[in-house]
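Participant: First, the structure itself, so that you have it in front of you.
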Ligand code: FRU
């Protein structure tokens, strides 16, 4: 297939990356006996196996019975402060979550243009109190900030990873996306949580055009572009630290071939980069974990958990991000492998883990799986009477506001046993554990 030339480049031994060809052979192979990086291709055949059933279909959400996280802000993509091992952290009795937010009078469809990260804290892990804007005025990179992740280190430093979208002070909104980080001290009192003593914000990764598509490659005929949503992950098997992220396969539209031809612009990938400095401010791009060429165009907010000896890789996507000829629901999708950098296979045969119900197809989004199988998400558009996402975007501001949740959804609990998952039950709204 046409992708072979690029895939050949991806069949690099992770051990060899970064070493010169002269040095590599003289170093004992056992010292660097690391796994081979080989990108998994999620295929149209896999996706064609999707069947919605009671094991993967979420219960219908009734927005009227739910509580807003904040009256003043719309809240969507949300993630917890995590320990190095991925568990939601407890800091002096507090749990902390971060979310993309805009003031509640913003039209929901426009929220991505002015997104800011705010944090919330709670001692009981569910009565979340607004802490405020995470970053001091003017410090964050980008004209707005998109999703990320947060890790508290053993020394108490909090490392925030986020997407710097556009450029600070730009006159016209642009869609450049870069992965950024900053670190701070977390300061708690009996009644509050705050972040102080911020480091300078730094860009940790930009697309290289080799493994990951640059914006200029994408601009040659494609409408959607992604290089975002950094997720910190420390591999418990090797101790090595990584960042996972959402990306597109490198190259331009004219270099690709797909069957059918109309699925050519669909080139989502899940990227990975490994930390090359202890301060977690420098990362080196590795070949993608997964590509969905000719299949899907946006695999958002990837994250990974380890259970037993297996890596469970998750990402979320929209119905309309699947290529022509594929019919798959808005949902959480997952893949499993015994090694981090290769060997993935779709969970449940197709990849589908959680789907929105057929009669409320946009009710939730941005699912995130905690290590204990609790899955959080936010309430997206509910009860849209058959309208698709484009039609929802064309509705009046009042319609959009009435039908958009902008709050945490009831959490779900899933089981994971080998390559099979199953929704066990619904949990309370906003519960992360
Ligand atoms: C998913 C998402 C993320 C992105 C954010 C922007 O809901 O598209 O990929 O970071 O929303 O608002």
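Participant: Of the residues 105, 113, 72, which single one is surrounded by fewer than 18 Cβ atoms within 10 Å (Cβ to Cβ), away from the ligand (no atom under 16 Å from the Cβ) and within 28 Å of residue 391 (Cβ to Cβ)?
Facilitator: Just a single option satisfies the conditions, and that option is 105.
Participant: While we're looking at this one, here's another question. Output the number of residues of segment 205-255 satisfying the condition of being out of contact with any helix residue (DSSP H, G or I) (no Cβ under 9 Å at 6 or more places or on another chain) and either buried (at least 21 other Cβ atoms within 10 Å of the Cβ) or within 18 Å of residue 37 (Cα to Cα) (or both).
Facilitator: 24
Participant: Select from segment 37-65 the residues that are crowded, with 16+ Cβ neighbours inside 10 Å and over 24 Å from residue 295 (Cα atoms) and write down the one among them that is modelled with the lowest pLDDT.
Facilitator: Selected residue: 63.
Participant: Of the residues in segment 178-215, how many are touching a residue at least 24 places away in the same chain (Cβ under 8 Å) and part of a strand (DSSP E or B)?
Facilitator: Total meeting the criteria: 18.
Participant: Select from segment 328-339 the residues that are free of Cβ contacts under 8 Å to residues at least 60 places away in the same chain and either in contact with a helix residue (DSSP H, G or I) (Cβ under 6 Å, 6 or more places away or on another chain) or surrounded by fewer than 17 Cβ atoms within 10 Å (Cβ to Cβ) (or both) and list them in ascending order.
Facilitator: If the condition is that a residue be free of Cβ contacts under 8 Å to residues at least 60 places away in the same chain and either in contact with a helix residue (DSSP H, G or I) (Cβ under 6 Å, 6 or more places away or on another chain) or surrounded by fewer than 17 Cβ atoms within 10 Å (Cβ to Cβ) (or both), then 330, 338 are the ones that fit.
Participant: In segment 355-368, what residues are more than 15 Å from the ligand (Cβ to nearest atom) and either within 18 Å of residue 80 (Cα to Cα) or not in a loop (DSSP other than H, G, I, E, B) (or both)?
Facilitator: Listed by number, the list holds a single entry, 355.
Participant: What are the residues in segment 249-260 that are closer than 15 Å to residue 43 by Cα and either within 16 Å of the ligand (Cβ to nearest atom) or outside any loop (DSSP other than H, G, I, E, B) (or both), if any?
Facilitator: If the condition is that a residue be closer than 15 Å to residue 43 by Cα and either within 16 Å of the ligand (Cβ to nearest atom) or outside any loop (DSSP other than H, G, I, E, B) (or both), then 249 is the only one that fits.
Participant: Now for a separate question. Can you work out which of the residues in segment 260-285 that are touching a residue at least 40 places away in the same chain (Cβ under 8 Å) and touching a helix residue (DSSP H, G or I) at 6+ places or on another chain (Cβ under 9 Å) is nearest to residue 201 (Cα to Cα)?
Facilitator: Filtering first and then ranking leaves 268.
Participant: Considering segment 104-131 alone, what residues qualify as being farther than 17 Å from residue 177 by Cα, under 23 Å from the mean Cα position of the chain (by Cα) and without any contact (Cβ under 8 Å) to a residue 60 or more places away in the chain?
Facilitator: 110, 118, 120
Participant: Residue 308 fails exactly one of the following numbered conditions: (1) within 16 Å of the ligand (Cβ to nearest atom); (2) modelled with pLDDT under 95. What is the number of that condition?
Facilitator: The number of the failed condition is (1).
Participant: Can I ask one more? With the checklist (1) buried (at least 20 other Cβ atoms within 10 Å of the Cβ); (2) more than 16 Å from the ligand (Cβ to nearest atom) in hand, flag the one item residue 297 doesn't pass.
Facilitator: It fails just one condition, (2).
Participant: Something else: Which residues, counting only those in segment 146-173, are touching a residue at least 60 places away in the same chain (Cβ under 8 Å), away from the ligand (no atom under 16 Å from the Cβ) and surrounded by 12 or more Cβ atoms within 10 Å (Cβ to Cβ)?
Facilitator: 151, 152, 153, 158, 159
Participant: Test residue 326 against the criterion of being more than 22 Å from residue 351 (Cα to Cα) and part of a loop (DSSP other than H, G, I, E, B), and give yes or no.
Facilitator: It is false that residue 326 is more than 22 Å from residue 351 (Cα to Cα) and part of a loop (DSSP other than H, G, I, E, B).
Participant: For the list (1) within 16 Å of the ligand (Cβ to nearest atom); (2) in contact (Cβ under 8 Å) with a residue 40 or more places away in the chain; (3) under 23 Å from residue 325 (Cβ atoms), I need the number of the one condition that residue 218 fails.
Facilitator: For residue 218, the failing item is (2).
Participant: Report yes if residue 96 is in contact (Cβ under 8 Å) with a residue 12 or more places away in the chain, touching a strand residue (DSSP E or B) at 6+ places or on another chain (Cβ under 9 Å), surrounded by 17 or more Cβ atoms within 10 Å (Cβ to Cβ) and part of a loop (DSSP other than H, G, I, E, B), otherwise no.
Facilitator: Criteria not met by residue 96.
Participant: Tell me whether segment 221-229 contains one or more residues that are in a strand (DSSP E or B), on the phi > 0 side of the Ramachandran plot and within 16 Å of the ligand (Cβ to nearest atom).
Facilitator: yes
Participant: Quick one: how many residues across segment 383-433 are touching a strand residue (DSSP E or B) at 6+ places or on another chain (Cβ under 9 Å), on the phi < 0 side of the Ramachandran plot and part of a loop (DSSP other than H, G, I, E, B)?
Facilitator: 6
Participant: Scan segment 75-86 and tell me whether some residue there is at pLDDT 95 or above, in contact with a helix residue (DSSP H, G or I) (Cβ under 8 Å, 6 or more places away or on another chain) and over 20 Å from residue 330 (Cα atoms).
Facilitator: Within segment 75-86, not a single residue is at pLDDT 95 or above, in contact with a helix residue (DSSP H, G or I) (Cβ under 8 Å, 6 or more places away or on another chain) and over 20 Å from residue 330 (Cα atoms).
Participant: Do the conditions hold for residue 276, that is, is it more than 16 Å from the ligand (Cβ to nearest atom) and either touching a strand residue (DSSP E or B) at 6+ places or on another chain (Cβ under 9 Å) or closer than 30 Å to residue 184 by Cα (or both)?
Facilitator: Values: more than 16 Å from the ligand (Cβ to nearest atom): yes; either touching a strand residue (DSSP E or B) at 6+ places or on another chain (Cβ under 9 Å) or closer than 30 Å to residue 184 by Cα (or both): yes.
So residue 276 passes the test.
The values are calculated or read from the model by the stated rules, or taken from the named source; none is laboratory data. Just so we're clear, the structure is a prediction, and the values are computed from it rather than from any experiment. Because the Cβ atoms are built from the backbone with ideal geometry, glycine has one as well, and the counts that use them run over all protein chains shown.
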